[in-house]
Amino acid sequence: MTILESIILAIVEGLTEFLPVSSTGHMILTEGILGMESTAYLKAFTVMIQFGAILSVVIFYFRRFLPFPILGFHPDETTSLGGWRLYALMIVGCIPAAVLGGLLNDQIDALLGNTWVVLAMLSLGGILMIYFDRIFGAKGEKRVTVTNAFIIGLFQCLAMIPGVSRSMATIFGGMQQGLTRRQAAEFSFFLAVPTMFGATLLKGYKLYKELGMQVFQENWQTLLIGNVVAFLVALLAIKFFIDFVTRYGFRAFGYYRILLSVGVAIVLLLGANISLS
């Protein structure tokens, strides 16, 4: 992997990780367009640069993550999604994905190189997004309970299928549980922190077991640059996304998913090769 390829993939990751459009799906398609070979390091890279993206959530909402005043900064007391309670809800919400992810990790990896699975899930998710945005959507904020968090965590498991989008699955789970669009989006961000941090550690450990420390020594530059770029781009994406969905909802992202999947499918059927080798 070249430094330029790592930057391109990191930009895609930062832009799409917290949008309901499937960051995994976009990176798989980007890798195919760039003609990158599907190696163990490439698959690990696409997961491990998520660390930079989740760090952007911690920085953007740092007052929510404060359990008590630190260095003159005080916890955000204007919402129930903050402090020690937020940590408890995040732990409960990530339990389903932690269990299923550990059991189905090999099966999930097998799907990562299947472009048609990604396209099908992008299109289906877009249709569902347009539909659910019309029937769900609370007008007032509610207090998120442990039960709400666990059910949203179950929705998150759907994102193990490439192309579904973790953000979309958890946002729909939140809206189905009566959260406002803003609450659902923010809890989706928070739930990503333990889930993606765990996935990063697991993928890094598996890569180390398979190829040893040498793979990190040879690729530390692309891994570092990828995380830094993903962090910076994700900061901008979070701000844009929250403002946009609060005003307009999620339907625009649904139409985008459908148009993207149809467009790429047409290109594939015309003979272009953008699948991973």
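The values are calculated or read from the model by the stated rules, or taken from the named source; none is laboratory data. The model shown is predicted, which means the values in this text are computed figures rather than measured ones. Cβ sites come from the backbone with ideal geometry, for glycine too, and all protein chains shown count toward neighbours.
What do you reckon, is residue 199 among the small types (Gly, Ala, Ser) and either touching a Phe, Trp or Tyr at 6+ places or on another chain (Cβ under 8 Å) or outside any helix (DSSP H, G or I) (or both)?
no
Residues checked against (1) within 19 Å of the chain's Cα centre (by Cα); (2) modelled with pLDDT under 85; (3) under 22 Å from residue 261 (Cβ atoms):
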| residue | (1), (2), (3) |
| --- | --- |
| 93 | yes, no, no |
| 98 | yes, yes, no |
| 105 | yes, yes, no |
| 117 | yes, yes, yes |
| 124 | yes, no, yes |
| 137 | no, yes, no |
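Out of curiosity, is residue 17 surrounded by 21 or more Cβ atoms within 10 Å (Cβ to Cβ), touching a residue at least 60 places away in the same chain (Cβ under 8 Å), under 18 Å from the mean Cα position of the chain (by Cα) and over 15 Å from residue 222 (Cα atoms)? Step through it out loud before you land on a result.
Values: surrounded by 21 or more Cβ atoms within 10 Å (Cβ to Cβ): yes; touching a residue at least 60 places away in the same chain (Cβ under 8 Å): yes; under 18 Å from the mean Cα position of the chain (by Cα): yes; over 15 Å from residue 222 (Cα atoms): yes.
Taking the combined requirement at face value, the residue satisfies it.
Quick check on my filter: what residues within segment 236-247 are of a type outside the set (S, T, N, Q) and either buried (at least 17 other Cβ atoms within 10 Å of the Cβ) or in contact with a Lys or Arg (Cβ under 9 Å, 6 or more places away or on another chain) (or both)?
Restricting attention to segment 236-247, the residues satisfying the condition of being of a type outside the set (S, T, N, Q) are 236-245, 247.
Scanning segment 236-247 gives 237, 238, 241, 242, 245.
The rows are residues; the columns are (1) modelled with pLDDT of 90 or more; (2) under 21 Å from residue 209 (Cα atoms).
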{"site": "3", "(1), (2)": "yes, no"}
{"site": "8", "(1), (2)": "yes, no"}
{"site": "13", "(1), (2)": "yes, no"}
{"site": "42", "(1), (2)": "no, yes"}
{"site": "45", "(1), (2)": "yes, yes"}
{"site": "49", "(1), (2)": "yes, yes"}
{"site": "53", "(1), (2)": "yes, no"}
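When both residues are 6+ apart or on different chains and their Cβ atoms are under 7 Å apart, which pairs have a first residue that lies in segment 202-214 and is part of a helix (DSSP H, G or I), and a second that is surrounded by 11 or more Cβ atoms within 10 Å (Cβ to Cβ) and of a type in the set (Gly, Ala, Ser)?
203/44; 204/44; 207/40; 207/44; 210/40; 211/40
Do you know which residues across segment 158-184 are assigned to a helix (DSSP H, G or I), small (Gly, Ala, Ser) and closer than 27 Å to residue 115 by Cα?
Correct list: 159, 167, 169, 173.
Given the structure, is residue 196 touching a residue at least 40 places away in the same chain (Cβ under 8 Å), within 16 Å of the chain's Cα centre (by Cα) and within 30 Å of residue 266 (Cβ to Cβ)?
no
Looking at the structure I just gave you, is residue 250 of a type in the set (A, V, I, L, M, F, W, C) and surrounded by 14 or more Cβ atoms within 10 Å (Cβ to Cβ)? Let's see the steps before the verdict.
Working: of a type in the set (A, V, I, L, M, F, W, C): yes; surrounded by 14 or more Cβ atoms within 10 Å (Cβ to Cβ): yes.
Yes: the conditions hold for residue 250.
Quick one: which residue in 200, 195 is in contact with a Lys or Arg (Cβ under 8 Å, 6 or more places away or on another chain) and buried (at least 17 other Cβ atoms within 10 Å of the Cβ)?
195
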